[in-house]
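Any read-out appearing in this document is the output of simple, stated calculations on the displayed coordinates, not a laboratory observation. On a predicted model such as this, the values are computed, not experimentally measured, just so you know. Here the Cβ positions follow ideal geometry from the backbone for every residue, glycine too, while neighbour counts run over all protein chains shown.
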């Protein structure tokens, strides 16, 4: 993710050219050359904070954490550091074994940039590495709330929920993620997780683990409409017969079409939610079945997915074009 830079004033065109050249070398993985050019530029314009910041990041990417810390410390202290500077400094501290200071650095960055999904993400990763899964998940959820456009937190939340009894959230966050990061190996991994999550959801239902227990006539008893999660789960629970013959891409398309109709009728006004609104758009546009094949076809089986594309030649490229113009 590129740094969020403000308009930069350069002391000379030469320094600007050197900066751009060094950035290009960084992007291409030639870190040694990037470092050399940043150092030369700093000799010419030592007061340009951006040069020190990018030099520190280059050392971090190279794995020279001690040198990166030495370069980044005055950048952080200046009060002009961007999100990536805090991220790089925290990573250097963590990889040097000082995880407590790494968390403190990320917290300092979040205080400076309270809407930085990037910094929330890295804080969550440190918690996860320390086997503090609850704190990790809470941090990623905070990141989603603070910066909904930073999609990686959806991925982290989805895979974490997959290992809990809250499978509904794995489905929701996973699907949001693949609608933002669409054509990557991680997106394919998440589609497989979504397919498995539906299997898990209905395995729990079949085993009785997801059946509400009788609690008497307590006025404080939580009802199916008491919360968004309960509403989603109860709607899927009622639709279990749709997938009684097994989970397939085709049966999931039918299930989710029924879900969309039932949700619109019962809960949409109470719990407006962009993902479910997108279902309505897909249904009205005639792309819902293709969308579900895009989500689950390859996860069900590559051969079946190839066969579907053979019999529906041109449908998937047409959907890709439509989806690019109709983001969720």
Original post:
What ranking do 319, 311 get, fewest neighbouring Cβ atoms within 10 angstrom at the top?
Top reply: 311, 319
Subject >> Among 131, 153, 179, residue whose mean-square fluctuation peaks in a GNM of the chain (springs only between Cα atoms under 10 Å) >> reply: 131
Subject >> Shape call, the stretch 248-321: gyration tensor on alpha carbons, a/c limit 1.5 >> reply: prolate
Original post:
When the helices in the chain are scored as -39500 (n - 2.57) per DSSP H run of 4 or longer and the sum is shared across all residues, what 222 nm value do you end up with, to the nearest 500 deg cm²/dmol?
Top reply: -23000 deg cm²/dmol
Original post:
Shape call for the stretch 21-103 from the C-alpha gyration tensor, a ≥ b ≥ c root eigenvalues: rounded (a/c under 1.5), prolate (a/b greater than b/c) or oblate?
Top reply: oblate
Subject >> Sorted by Cβ neighbour density within 10 Å, fewest at the top, the residues 164, 235, 133, 139 >> reply: 164, 133, 235, 139
**OP:** Can you bin the stretch 256-298 into rounded, prolate or oblate? Criterion: square roots of the alpha carbon gyration tensor eigenvalues sorted a ≥ b ≥ c, rounded for a/c under 1.5, prolate for a/b above b/c, oblate for the rest.
**Re:** prolate
Original post:
Given a cut-off of under 8 Å on Cα pairs at least six residues apart, what relative contact order in percent is computed for the chain?
Top reply: 8
Original post:
Taking the structure as given and computing Cα extents along the principal axes in Å, which label from [x] 53, 41, 38; [y] 71, 54, 33; [z] 63, 44, 38 fits?
Top reply: [y]
Subject >> Gaussian network model of the chain, springs between alpha carbon atoms under 10 Å - residue of 291, 265, 65 with greatest fluctuation >> reply: 265
Subject >> Gain on full stretching of the segment that runs from residue 261 to residue 111 - 0.36 nm per residue minus C-alpha separation >> reply: 49.8 nm
Subject >> Gap separating the Cα centres of the stretch 110-130 and the stretch 271-293, nearest whole Å >> reply: 32
Subject >> Taking the stretch 1-81 and dividing mean pair separation by its residue count, relative contact order in percent (alpha carbons under 8 Å, at least six apart) >> reply: 21
**OP:** Quick one: among 137, 61, 194, which has the greatest mean-square fluctuation in a GNM of the chain with alpha-carbon springs under 10 angstrom?
**Re:** 61
